[in-house]
Every structure is written in structure tokens, then in C-alpha cells.
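The values are calculated or read from the model by the stated rules, or taken from the named source; none is laboratory data. The shown structure was predicted, so the numbers you read here are calculated from the model rather than taken from an experiment. Here Cβ is always computed from backbone atoms with ideal geometry, including for glycine, and neighbour counts include all displayed protein chains. All accessible areas refer to the heavy atoms of the entire protein, side chains included, with ligands and DNA or RNA removed. Shrake-Rupley method; radii C 1.70, N 1.55, O 1.52, S 1.80 Å.
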Amino acid sequence: MGSAQQLHLGVALDGAGQHPAAWRVSDVRPSALFTAAHYLAHAKLAEAASLDFVTLDDTLALQPGGEEVVRGRLDALLTFAAIAPVTSGIGLIPTVTTTHTEPFHISTAVASLDFASRGRAGVLAVPSRTEAEVAHFGRRTLPSEVDAEAENAEVVDVIARLWDSWEDGAIIRDEPTGRFIDREKLHYVDFEGRFFSIKGPSITPRPPQGHPVVAVYGDSPYAHGADVVLADEIRGARERFPDAKLLAGLSIVLAETEQAAIERRRALEAYAPFPPGPSFTGTPAGLATELPRLAASNGLDGFHLRPAVLPDDLALFTAETVPALQAAGAFRQAYTGATLRDHLGLGVAANQYAEA
Amino acid sequence: MPKQVKLAAHFPGVNNTTVWSDPRSGSQIDFSSFEHLARTAERGKFDFLFLAEGLRLREHAGKILDSDVVGRPNTTTVLAALSAVTTRLGLAGTLSSTFNEPYEVARQVASIDHLSGGRAAWNVVTSPDAWTGQNFRRGGFLKREDRYRRAEEFLATVRELWDSWAPDALVGDKENGVFARGIGRFVHSGPQFDIHGAFTVPRTPQGQPIVIQAGDSDEGREFAAKTADVIFSRHGSLESGKEFFADVKRRLPAYGREPGELLIMPAATFVLGDTEEDAHEQAREIRYQQVRPATAIQFLEQVWSRDLSAYDADGPLPEIDPDPDAEPLTWGRVRHEKDPLAVAAKWRAIAEEKKLSIRELVIEVTARQQFVGTARQVAESIDEYVQGDAADGFVLVPHLTPGGLDAFVDDVIPQLQERGVFRSDYTGDTLREHLFSR
Ligand SMILES: Cc1cc2nc3c(=O)[nH]c(=O)nc-3n(C[C@H](O)[C@H](O)[C@H](O)COP(=O)(O)O)c2cc1C
């Protein structure tokens with residue numbers, strides 16, 4: 001023991017599960033997807049197993065599909081804000097659309113999620129590439145993929161500048177001089193990018209983690225810049241993201257026997273094909289054997305798991321796969337730090353404006 | 001039954017009201033502070049908690065203002081988080097109609113309404129200035145005269161989105177595989193917004209979340225009369241409150257609305273003492289803590305538009321006149337005084353008559369302490385204002401964060417309840433029910 005690689009594990013809490021027909025076979029009531037309780041229950045499952053984080057996808061348009069799939073959703077960041085004060089260990093990484101949302105609002109919203117969760121916030125920065133979203137804003141044309149990714153990287157850059165625009169300890173409450181803040185510790189960011197400019201400083205002080213964790217999907221060839229990269233296509237990903245934590249996307253269909261898992265998968269496929277992307281169908285123990293092997297042979301830091309059906313596959317994963325990984329020394333026994341950066345081993349975020 | 005008092009708790013953000021030097025003054029940022037105020041307000045059966053918004057740090061004479069409380073978290077994020085630690089309290093947030101888009105605001109407010117089970121409110125403000133615009137992609141694109149044009153169409157568009165899912169659109173029929181049917185379609189074509197598509201949020205528990213308006217001009221009042229559920233006003237005194245109340249309520253019939261459909265809630269501060277003298281003594285001390293020498297000089301500089309740093313705050317007002325043509329020295333504060341020469345003349349007259357120093361004058365002219373006295377006296381006054389149609393209720397602004405409402409809830413609320421003018425428990429679940437069910 002001890003020599004095994006420690007994996008990082010995140011779980012997607014989208015809809016009633018990853019499979020389009022999950023909502024039909026899950027015990028979850030469809031209307032529950034529009035309540036905080038649903039996300040809290042699943043985040044608590046992940047937290048009890050000391051997983052690194054949960055994610056929640058989002059866009060500024062309806063999910064594609066027809067009457068038979070889950071459509072409609074609440075704002076992901078606000079949904080995670082609504083569970084932040086009543087969870088204590090789990091990292092919270094909501095998706096934020098960077099193409100239409102103001103970067104200034106993104107920065108303060110993620111910082112505020114970090115305050116409400118006491119250092120467990122992240123953000124999955126995702127550009128928008130749909131005509132539907134353009135039509136909802138009515139002020140720009142659809143950007144090309146390369147431009148959308150470049151703008152995404154610009155947003156990632158400027159939100160960190162805004163987080164840094166208040167140095168730690170800028171609030172001094174100095175009675176003798178009557179100063180509430182030390183304005184020398186506040187900085188205009190004066191950001192002039194290709195896509196927008198921002199004066200700064202932020203209206204929100206630097207959040208507990210300094211930099212909440214920034215994640216991106218690494219599947220676009222133009223994606224760059226982030227602490228964490230989530231990717232289905234892992235070939236070549238390590239070379240493209242040498243410094244990031246690289247987590248492979250993996251859908252999971254679990255059952256006590258191999259046969260039962262295959263049957264569960266078939267039952268789902270009778271409704272609709274399985275979504276594209278890597279998936280695992282088998283036993284929780286089999287998955288525990290597979291994950292360290294996959295990580296070692298592909299240079300991965302861990303996995304972003306997508307339970308096919310919630311809570312079923314998440315419950316089996318946390319009840320059985322996680323203990324098996326722990327027994328093999330491949331996963332922590334309990335949280336060893338308080339923040340999401342701690343969980344991911346990201347270290348302290350340097351402030352780009354503070355004097356060294 | 002006497003008219004029932006409406007109450008909201010203001011969490012002071014960036015401001016010069018909070019006495020930050022008091023040892024009891026806590027963080028204005030940490031979530032625990034918001035949680036404390038929200039739980040206190042809910043314990044007191046308040047209608048809602050209220051958050052203001054400012055999107056750029058205030059500046060004075062080219063520098064970030066460092067004497068007042070500075071820094072605040074993101075409004076919608078805080079409200080969503082508060083939904084986790086409260087069950088009945090309404091959650092009201094200020095969001096500018098200038099630096100946001102209708103689709104986003106509709107979605108955020110609707111999301112909070114779902115997450116809180118029907119407790120969301122949006123205070124629609126119009127921020128016109130290009131100075132704030134420097135923090136946004138769209139920049140300072142809005143002319144002052146256009147801001148209510150945008151605000152009005154913005155709100156109408158948001159409401160179209162809120163209405164776009166039929167109440168029964170979320171079918172959830174597992175057997176036949178119908179999750180949702182005929183959902184969220186909208187087309188809005190107008191001079192400000194030309195958008196179409198489908199909204200992502202099902203109809204919310206309140207259907208229409210509560211809309212608050214805070215502008216004070218004629219256009220602002222007209223906008224409120226036409227569309228808002230609540231006005232947050234700055235007319236807290238008995239006389240100006242009555243005048244404002246009458247003016248706004250008079251505008252309602254033109255829009256086919258009853259006086260009871262628009263509630264007027266001025267901002268109000270309060271100081272509670274064991275005796276009346278004690279309360280007044282405390283109030284005096286609080287004023288001196290709020291208006292420090294540097295604050296007093298900065299306050300004059302706002303009107304004078306000149307550097308007055310050489311003046312002694314404990315000395316007389318400057319002999320020189322304001323520079324009416326200069327650029328304002330202060331950015332990020334709403335200016336309600338339009339003619340600086342007239343203001344200066346008025347202040348000089350007051351200072352002369354009452355023999356006031358600069359600091360004393362500033363304390364005098366910014367006196368905003370509405371309710372000062374024992375708990376019983378404060379309850380009496382509030383009741384008197386409400387029964388006398390100076391207000392429908394108040395947005396209370398404590399001078400201490402986060403514990404400034406504790407004593408009010410412990411001591412004044414029972415008095416109001418005894419008088420039969422405030423609820424002893426919530427009778428509904430949604431903010432709309434708190435505000436409008438009889
Ligand atoms: C009591 C009150 C509270 C206000 N709160 C805010 C606020 O939190 N954020 C903001 O940007 N503007 C705020 N405003 C400014 C108004 O939205 C508006 O821009 C300003 O009053 C000028 O409009 P008017 O000429 O109609 O009064 C407030 C105004 C009043 C009267």
C-alpha cells in the first residue's frame with residue numbers, strides 16, 4: 001500500500017442520471033429535478049464517500065431532444081449555492097456558460113459560491129456554440145469554435161485577475177486612520193482582451209481559496225488554460241495539458257453481477273441508445289480494479305464519473321467501489337483538507353498582484 | 001382589522017451606515033453573517049431579506065473610497081445559499097436591468113424561486129453610468145433617458161419568460177415517456193430586445209416572482225405604478241413619506257390597479273434604548289461613528305466638486321462656492337441633489353443658524369435615524385406611520401452587521417404583535433402570500 005496512485009474522483013449530478021431514459025427507471029420524481037433537495041441528497045452521498053467534487057452541467061438553452069428526455073433545468077451555479085451551506089466536504093463545480101454571461105458576474109458568483117461553501121467552489125467554464133443561445137441574447141453571431149474557446153480562455157484569465165484584485169487582508173478596519181480597507185491592496189485589473197475589456201477591481205474580496213478551482217472540458221482541440229481538465233478523449237490529452245489535473249469522463253452502469261449490469265444497460269438501451277463516450281458496465285468491484293489500471297496506463301489523475309441512473313449507480317459506486325479503492329490504497333479514507341484545492345492537491349493559489 | 005405592517009431586513013452592503021468600528025461589527029462578506037441576519041429576520045416573521053447591488057467600487061477624487069464598508073458578494077449566489085438555511089423568509093435581490101440580459105435574469109430569479117419554494121423577489125434598478133459599464137462587455141451603452149425604456153421592456157420580457165411554461169407543462173409520465181410537453185417557447189420583438197427561443201425553467205412556485213422598484217424620479221414612479229409589487233423608497237420621514245405614498249398610489253388607477261397592489265416600503269434605521277434618553281444618546285454616538293472627520297469632508301466634496309481636504313471637519317463650512325461645472329468627484333453613489341450652489345446655500349444657512357461645524361452639519365443633513373426610542377415607542381411610531389399612510393411597512397437598515405436586527409426582533413416585534421399589526425406566524429409559504437394575502 002501507499003505506493004498506489006491516489007485517484008481524484010468527481011461525479012456528474014445531471015438530470016436523473018447520464019442516460020436519457022434514466023428519469024423513467026429512477027425512483028426520483030421528475031419534478032424533484034427542480035428542487036435543491038434532489039442535488040443535496042446526491043451531493044451528500046458523494047460527500048459521505050469523500051469524493052473530490054460533484055459537477056452540474058448547464059447551458060442557456062433547453063437541452064436538445066423531444067418529450068421523452070429531461071428538458072429544462074435551473075441555473076447550475078445557483079443550484080450548487082443552494083446546497084453549499086448544508087454540505088461540508090464535497091467540492092462543488094457548476095458549469096458556467098462563458099460566451100454570453102458577463103465575466104464580471106461569473107467572477108463574483110464563483111467567489112461567492114466559495115464563500116458560501118467555505119472554500120469548496122469550482123467552475124466548469126464552457127463556451128456556447130449553439131444558435132439557440134445566440135437567439136436568447138440576440139446581440140452576437142455564433143462564434144466559431146476557435147473563437148469561442150479563445151474567449152473562454154480569456155474569461156478564465158480575467159476571472160482569476162478579478163479574484164486577485166483584492167489581496168488577502170485588504171480589509172483592515174483601521175480605527176485610527178478611519179480606513180475600512182487598505183486601498184493599496186486593491187488593484188484595477190485593466191484587462192484589455194480580444195473579446196472584452198474590464199476595469200475592475202472586483203466588488204467581492206478574494207475568496208477563501210484565492211482561486212476557486214477552474215475546470216474545462218478538454219475535448220475541443222482549442223481548449224486550454226485550467227486547473228482541471230475533464231476529457232472523454234484521453235489520447236494525447238496529457239501532452240496537451242501537461243500541468244492540469246486530468247480526469248477522464250466515464251459513464252457507469254453497475255450491478256452486483258456482471259450479468260445484472262449488462263441487463264440494466266440493455267433495459268436502458270431499449271428506451272434509447274447509450275450516449276457516446278467511454279462507459280463501464282459491470283460490478284462495483286470490477287470498476288475498482290479497472291480505474292487504477294486505466295489511470296496508470298493513460299497518465300490520468302482520476303475520473304469524472306457519470307452515473308447512468310441516479311441515485312442507483314452513484315449509491316453502488318460509493319457503497320462498494322470506493323471502499324474497494326480505499327482498501328487498495330488508491331483513494332483517501334477521509335478528507336484530509338477542508339477545501340477543494342486541498343482535495344485535488346492544487347496547493348495555494350498565488351496572487352498575481354501581491355508583492356512577492 | 002388595522003392595516004398590517006410589512007417588514008424587510010436590509011443586509012447593508014457597501015455603505016456608510018454600518019458602524020464598522022464597533023467591536024460587535026462582524027464580516028459583511030462571510031456567509032455566516034448573511035445566515036445570521038436571515039435567521040433573525042425569519043425568527044421575527046419578516047416578509048423578506050433585501051440585498052442591494054453595486055457593480056463597481058465607489059471612488060472619490062480618483063481613488064477607491066476606503067472609509068466606508070467596501071466589498072460585497074454576488075447577489076443571486078447569496079440568495080440561493082440563504083434558501084438552504086431558511087424556510088419561509090422572502091429573498092429579495094437587486095439586479096440591474098442595464099448590465100444584465102433578460103434571459104439570464106429571468107433564469108436566475110426563477111431558479112431562486114424554485115430553490116426556495118416560492119420566496120424570490122427582484123429589485124429592478126436602472127444603472128445608467130458608463131463608469132460602471134467599464135466592468136461589462138456592453139460598456140456604457142445606455143443613455144440616461146433610455147434607461148427606463150430598457151428597464152420596462154426588460155421586465156416585460158422577463159415576465160414573458162416566466163410565463164412561457166404552462167403550469168402543467170412538466171408532465172413527468174414515466175410510463176409513456178413524456179417528461180415535459182410544449183415547453184418554454186417565446187418570441188419577443190421590441191425596440192430593446194429582439195429574442196426568441198425556449199426558456200429552461202418551468203413555471204415557478206410563485207408563478208411570477210415579486211418585483212420591487214427603487215427609482216425615485218417621475219419615470220421611476222410611473223414604472224413602479226405600472227408594474228411593481230413593492231417600491232423601496234428613501235422617503236422615510238412622516239411628511240415626505242405621506243407625500244410619496246399619496247403620489248404613487250394616485251398613479252395606480254391609470255393602470256387598472258388597486259392601492260393595495262403596490263406596497264410602499266421606505267428604508268428606515270432604528271436605535272433602541274432602555275429609555276428614550278438612552279436611545280437618543282446612543283443615536284448621537286452612532287452618528288459620530290458613521291460620520292468621521294474624513295467622511296464629513298468627502299461628503300462636502302461631493303457637492304462642492306472641489307478638493308476640500310485642507311479644511312478642518314471641526315471648523316466652519318468653506319467660504320468658497322461649489323464648482324457647478326466640474327466633473328463629480330464621487331462615483332458610485334446615487335446623487336439626488338441636482339443644484340450644488342443651492343444645496344451649499346441651504347447648508348450654510350443651517351450651519352449658521354445652529355452654529356454647526358462641518359462634521360455636525362453633515363450629521364444634521366444626513367440624519368436618517370427614523371425610529372429612536374424604547375421598543376414600545378418604536379413599535380408605536382412604526383404603527384403610526386403605517387396607519388397614517390406614510391408607508392405600508394419598512395425596509396429596516398441595521399447599523400451593525402450581522403447582529404443589528406437581534407434586539408428589534410426580540411423587543412419590537414412582540415410589541416407590534418401585541419398591537420395586532422404584525423403577524424405572529426407566517427400564514428403562507430410564498431413571499432407573495434406574505435405580502436398580499438389578507
Ligand atoms: C431606496 C433606493 C435604493 C436603491 N438601491 C439601488 C441599488 O441597490 N443598486 C443600484 O444600482 N441602484 C439603486 N438605486 C438607484 C435606482 O435604481 C436609480 O438608478 C436611481 O434612483 C435613479 O433613478 P431615478 O432618477 O428614477 O431615481 C436605488 C434607489 C433608491 C431610491
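Here are some conditions: (1) outside any helix (DSSP H, G or I); (2) away from the ligand (no atom under 16 Å from the Cβ); (3) within 24 Å of B:Ala81 (Cα to Cα); (4) open to solvent by less than 20 Å² (accessible area, probe 1.4 Å). B:Trp165 meets all but one. Which one does it not meet?
Only one criterion in (1) outside any helix (DSSP H, G or I); (2) away from the ligand (no atom under 16 Å from the Cβ); (3) within 24 Å of B:Ala81 (Cα to Cα); (4) open to solvent by less than 20 Å² (accessible area, probe 1.4 Å) is unmet by B:Trp165, namely (3).
If I filter the stretch B:26-64 down to residues being part of a loop (DSSP other than H, G, I, E, B), within 11 Å of another protein chain (Cβ to nearest Cβ) and in contact with a strand residue (DSSP E or B) (Cβ under 6 Å, 6 or more places away or on another chain), which single residue comes out as farthest from A:Asp75 (Cα to Cα)?
B:Leu57
I'd like the full set of residues that are open to solvent by 10 Å² or more (accessible area, probe 1.4 Å) and at the interface with another protein chain (Cβ under 7 Å from one of its Cβ atoms), limited to the stretch A:106-120.
Correct list: A:Ala109, A:Phe115.
Report, ordered by the first and then the second residue, all pairs with beta carbons closer than 7 Å, sequence separation of six or more or different chains, a first member in the stretch B:65-94 that is more than 7 Å from every other protein chain (Cβ to nearest Cβ) and crowded, with 24+ Cβ neighbours inside 10 Å, and a second member that is assigned to a helix (DSSP H, G or I) and of a type in the set (Gly, Ala, Ser).
B:Leu82/B:Ala38; B:Leu89/B:Ala38; B:Leu89/B:Ala41
Hey, can you tell me all the residues within the stretch A:220-245 that are part of a loop (DSSP other than H, G, I, E, B), out of contact with any Lys or Arg (no Cβ under 9 Å at 6 or more places or on another chain) and open to solvent by 70 Å² or more (accessible area, probe 1.4 Å)?
Hits for the stretch A:220-245 are A:Tyr222, A:Glu233, A:Arg235, A:Pro242, A:Asp243.
Regarding the stretch A:127-149, can at least one residue be identified that is more than 10 Å from chain B (Cβ to nearest Cβ) and over 26 Å from B:Thr200 (Cβ atoms)?
Taking every residue of the stretch A:127-149 in turn, at least one turns out to be more than 10 Å from chain B (Cβ to nearest Cβ) and over 26 Å from B:Thr200 (Cβ atoms).
Of all residues being part of a loop (DSSP other than H, G, I, E, B) and either at pLDDT 95 or above or more than 14 Å from chain A (Cβ to nearest Cβ) (or both) in the stretch B:1-23, which is surrounded by the most Cβ atoms within 10 Å (Cβ to Cβ)? Just the residue, please.
The initial filter retains those residues of the stretch B:1-23 that are part of a loop (DSSP other than H, G, I, E, B), namely B:1-5, B:12-14, B:16-23.
Among the residues that remain, those that are also either at pLDDT 95 or above or more than 14 Å from chain A (Cβ to nearest Cβ) (or both) are: B:1-5.
Values: B:Met1: 6, B:Pro2: 10, B:Lys3: 14, B:Gln4: 15, B:Val5: 23.
Per the criteria, the residue is B:Val5.
Each row is one residue, and each column tells you yes or no for (1) assigned to a strand (DSSP E or B); (2) more than 33 Å from the chain's Cα centre (by Cα); (3) over 30 Å from B:Ser233 (Cβ atoms); (4) within 7 Å of chain A (Cβ to nearest Cβ).
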{"site": "B:Gly172", "(1), (2), (3), (4)": "yes, yes, yes, yes"}
{"site": "B:Asn176", "(1), (2), (3), (4)": "no, yes, yes, no"}
{"site": "B:Phe179", "(1), (2), (3), (4)": "yes, yes, yes, yes"}
{"site": "B:Gly182", "(1), (2), (3), (4)": "no, yes, yes, no"}
{"site": "B:Val187", "(1), (2), (3), (4)": "yes, no, yes, no"}
{"site": "B:Pro191", "(1), (2), (3), (4)": "no, no, no, no"}
{"site": "B:His196", "(1), (2), (3), (4)": "yes, no, yes, yes"}
{"site": "B:Thr200", "(1), (2), (3), (4)": "no, no, yes, yes"}
{"site": "B:Ile212", "(1), (2), (3), (4)": "yes, no, no, no"}
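Return yes when B:Gly241 is more than 10 Å from the ligand (Cβ to nearest atom), under 18 Å from the mean Cα position of the chain (by Cα) and open to solvent by less than 30 Å² (accessible area, probe 1.4 Å) and no when it is not.
The answer is yes for B:Gly241.
Checking B:Pro205 against (1) near the ligand (Cβ under 9 Å from one of its atoms); (2) within 14 Å of chain A (Cβ to nearest Cβ), only one condition comes out false. Which one?
Failed condition: (1).
Identify, by number, the condition in (1) in contact with a Phe, Trp or Tyr (Cβ under 9 Å, 6 or more places away or on another chain); (2) open to solvent by less than 10 Å² (accessible area, probe 1.4 Å); (3) of a type outside the set (Ser, Thr, Tyr) that B:Ile297 doesn't meet.
It fails just one condition, (2).
Conditions (1) over 17 Å from the mean Cα position of the chain (by Cα); (2) farther than 23 Å from A:Val54 by Cβ, marked per residue:
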{"residue": "A:Thr257", "(1), (2)": "yes, yes"}
{"residue": "A:Ala267", "(1), (2)": "yes, yes"}
{"residue": "A:Leu294", "(1), (2)": "yes, no"}
{"residue": "A:Asp301", "(1), (2)": "no, no"}
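How about the stretch B:115-161: which of its residues are within 23 Å of B:Thr330 (Cβ to Cβ), of a type in the set (D, E, K, R) and buried (at least 21 other Cβ atoms within 10 Å of the Cβ)?
Selection gives B:Arg147 alone.
What about B:Pro340, is it surrounded by fewer than 16 Cβ atoms within 10 Å (Cβ to Cβ) and under 21 Å from B:Asp129 (Cα atoms)? Talk me through it step by step, then tell me what you get.
Numbers: surrounded by fewer than 16 Cβ atoms within 10 Å (Cβ to Cβ): no; under 21 Å from B:Asp129 (Cα atoms): yes.
Considered against the rule, which asks whether it is surrounded by fewer than 16 Cβ atoms within 10 Å (Cβ to Cβ) and under 21 Å from B:Asp129 (Cα atoms), B:Pro340 comes out as no.
Somewhere in the stretch A:255-264, is a residue within 24 Å of A:Thr98 (Cα to Cα), part of a loop (DSSP other than H, G, I, E, B) and not polar (S, T, N, Q)?
Within the stretch A:255-264, the first condition is being within 24 Å of A:Thr98 (Cα to Cα), and the residues that meet it are none.
No, that holds for no residue.
Show the residue pairs meeting these rules: Cβ distance below 8 Å; 6+ apart or different chains; first residue within the stretch A:327-352 and farther than 15 Å from A:Ala46 by Cα; second residue of a type in the set (Phe, Trp, Tyr) and in a loop (DSSP other than H, G, I, E, B).
What qualifies is A:Asp342/A:Tyr335.
Residue by residue, here is whether (1) among the acidic types (Asp, Glu); (2) more than 30 Å from A:Gly193 (Cα to Cα); (3) within 13 Å of the ligand (Cβ to nearest atom); (4) in contact with a His (Cβ under 6 Å, 6 or more places away or on another chain) holds:
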site: B:Leu55; (1), (2), (3), (4): no, no, yes, no
site: B:Ile64; (1), (2), (3), (4): no, no, no, no
site: B:Ser97; (1), (2), (3), (4): no, no, yes, no
site: B:Ala106; (1), (2), (3), (4): no, no, no, no
site: B:Leu115; (1), (2), (3), (4): no, yes, no, no
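Given the condition free of Cβ contacts under 8 Å to residues at least 60 places away in the same chain, more than 9 Å from chain A (Cβ to nearest Cβ) and within 16 Å of the ligand (Cβ to nearest atom), answer yes or no: does some residue in the stretch B:117-130 qualify? Full working, then the answer.
Of the stretch B:117-130, the ones free of Cβ contacts under 8 Å to residues at least 60 places away in the same chain are B:128, B:130.
Now restrict to residues that are more than 9 Å from chain A (Cβ to nearest Cβ): B:128, B:130.
Next cut, within 16 Å of the ligand (Cβ to nearest atom) only: B:128, B:130.
Yes, the stretch B:117-130 has at least one match.
Could you look through the stretch B:223-232, keep only residues that are touching a residue at least 40 places away in the same chain (Cβ under 8 Å) and either outside any loop (DSSP other than H, G, I, E, B) or more than 17 Å from B:Val109 (Cα to Cα) (or both), and pick out the one that is nearest to the ligand (Cβ to nearest atom)?
From the stretch B:223-232, those touching a residue at least 40 places away in the same chain (Cβ under 8 Å) are B:223, B:226-230, B:232; that's our starting set.
From what's left, either outside any loop (DSSP other than H, G, I, E, B) or more than 17 Å from B:Val109 (Cα to Cα) (or both): B:223, B:226-227, B:230, B:232.
Working: B:Phe223: 8, B:Lys226: 13, B:Thr227: 14, B:Val230: 11, B:Phe232: 5 Å.
Checked the stretch B:223-232; the qualifying residue nearest to the ligand (Cβ to nearest atom) is B:Phe232.
State yes or no: is A:Ala319 under 20 Å from the mean Cα position of the chain (by Cα), outside any loop (DSSP other than H, G, I, E, B) and of a type in the set (Gly, Ala, Ser)? Let's see the steps before the verdict.
Values: under 20 Å from the mean Cα position of the chain (by Cα): no; outside any loop (DSSP other than H, G, I, E, B): yes; of a type in the set (Gly, Ala, Ser): yes.
So A:Ala319 fails the test.
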